[in-house]
Amino acid sequence: MASQDWFDKDFYQVLGVSKDASDSEIKKVYRKLARKYHPDQNPGDAAAEAKFKEISEANAVLSDPEQRKEYDAIRAMGSGARFTAPGAGGQGGFEDVFGGMFNQGGGGQRYTFQQGGDYDDLLGGLFGGGRFGQPSGGYRGFGGPTRGRDVTATTTLDFITATKGEQITLQTSDGKPITVRIPAGVADGQKIKLRGKGHPSPDGGETGDLILTVHVRKHPVFERDGLNLRVTVPVTFTEAALGATIQVPTLGGDPVKLRVAPGTPSGRVLRVKGRGVETKKGTGDLLAVVQIAVPSHLSKEAKEAVEALAAALPDEDPREDLLAKARS
């Protein structure tokens, strides 16, 4: 380090840390300030460059246990104490600060801070390699190489494939096939992330992901209700009124028999346990929604029979309660 008056320079104040700050705290604060005042981020700003040199000088001393110990001792001596870094023969330059950081002293490798010079190589090394302003290091690449960009894609599946799950093959934009495992129970509009199937990193970092959006075709009979499958089942007036055992379809399997209780109204839901969508998170049920089927044509005899039934039934208005609630 250059010969200078350490007593007149409060390096703790320069970094904004207390005198008992830990090494990790000093390192964290320095890196934050270095990114803020680095000449690459403040081109042509002489004040920022001066501040950058000041915080770098402070860090060079406080980050080195031996120099920090000497600095604290000199500061404790009182006014007039001066210090010259070991190995510095006479007036040194700003580069000696960084020589101390790498245990190189005055005679080691030297770094100059001229615009476009080597300071970005040095700071790039401090922050993970590479030059400031490039993806692999420095301010813009702080933390390591850049990650590759994600790729988005869409695919349309039939209802059964989406419900049961299946392995499919997709073609990328460059014609390469990608095998995708579709999980059971994938829903319309759901996104599936395929790690490492996106664009490669430009500088050796992590490859991006493929984000696949799934669209599911409608089924002519079934529809999803969470993990449940819902199906509308027509029943005759006689079946609903007197009760009956009916057959209900299942997805990809044999029909199941359900008992319709006497007096079942239209819209009642009959549940078949465990015949819905099966996933790792659980299995849904089959929901059979009863729909009373009204004949569109009646023979003369059938019409007379219905009229006789109507005459025999109690004189009740099924809409009376509905109308009363609407008026209230």
**Asked** Going by the conditions given, is residue 191 more than 20 Å from the chain's Cα centre (by Cα), loosely packed, with under 14 Cβ neighbours inside 10 Å and either over 30 Å from residue 303 (Cα atoms) or without any contact (Cβ under 8 Å) to a residue 12 or more places away in the chain (or both)?
**Response** no
**Request:** Only residues that are assigned to a helix (DSSP H, G or I), out of contact with any Ser or Thr (no Cβ under 9 Å at 6 or more places or on another chain), in contact (Cβ under 8 Å) with a residue 24 or more places away in the chain and small (Gly, Ala, Ser): list them for the range 26-74, please.
**Result:** 56, 58, 60
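Given 302, 241, which one is part of a helix (DSSP H, G or I), surrounded by 13 or more Cβ atoms within 10 Å (Cβ to Cβ) and of a type in the set (Gly, Ala, Ser)?
Details: 302 fails: surrounded by 13 or more Cβ atoms within 10 Å (Cβ to Cβ).
Criteria check complete, one pass: 241.
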**Message:** Based on this model, can you work out whether residue 247 counts as exposed (fewer than 13 other Cβ atoms within 10 Å of the Cβ) and either among the charged types (D, E, K, R) or in a strand (DSSP E or B) (or both)?
**Reply:** yes
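Do we have any residue at all in the range 205-217 that's more than 24 Å from residue 156 (Cβ to Cβ), of a type in the set (Gly, Ala, Ser) and not in a loop (DSSP other than H, G, I, E, B)? Give the steps one after another, and end with the answer.
First, pick out the residues of the range 205-217 that are more than 24 Å from residue 156 (Cβ to Cβ): 205-207.
From the residues that got through so far, the ones that are of a type in the set (Gly, Ala, Ser) too are 205.
Still in the list and also not in a loop (DSSP other than H, G, I, E, B): none.
No, because not a single residue in the range 205-217 is more than 24 Å from residue 156 (Cβ to Cβ), of a type in the set (Gly, Ala, Ser) and not in a loop (DSSP other than H, G, I, E, B).
Please verify whether the range 84-101 includes one or more residues that are at pLDDT 50 or above and either in a loop (DSSP other than H, G, I, E, B) or crowded, with 17+ Cβ neighbours inside 10 Å (or both).
Checking the range 84-101: not a single residue is at pLDDT 50 or above and either in a loop (DSSP other than H, G, I, E, B) or crowded, with 17+ Cβ neighbours inside 10 Å (or both).
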**Asked** Filter the range 305-328 for residues that are part of a loop (DSSP other than H, G, I, E, B) and more than 19 Å from residue 240 (Cβ to Cβ); which is modelled with the lowest pLDDT?
**Response** 328
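Go over the candidates 206, 166 one by one and state the one that is more than 20 Å from the chain's Cα centre (by Cα), surrounded by 14 or more Cβ atoms within 10 Å (Cβ to Cβ) and modelled with pLDDT under 95. Lay out the reasoning, then the answer.
Values: 206 fails: more than 20 Å from the chain's Cα centre (by Cα).
Of 206, 166, the one residue that is more than 20 Å from the chain's Cα centre (by Cα), surrounded by 14 or more Cβ atoms within 10 Å (Cβ to Cβ) and modelled with pLDDT under 95 is 166.
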**Prompt:** Going through the range 38-65 one residue at a time, which ones are of a type in the set (A, V, I, L, M) and either buried (at least 17 other Cβ atoms within 10 Å of the Cβ) or under 18 Å from residue 25 (Cβ atoms) (or both)?
**Reply:** 55, 58, 60, 61, 62
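The values are calculated or read from the model by the stated rules, or taken from the named source; none is laboratory data. Since the structure is predicted, the reported quantities are computational estimates derived from the model, not experimental observations. Glycine gets a Cβ as well: all are built from the backbone with ideal geometry, and neighbour counts include every protein chain shown.
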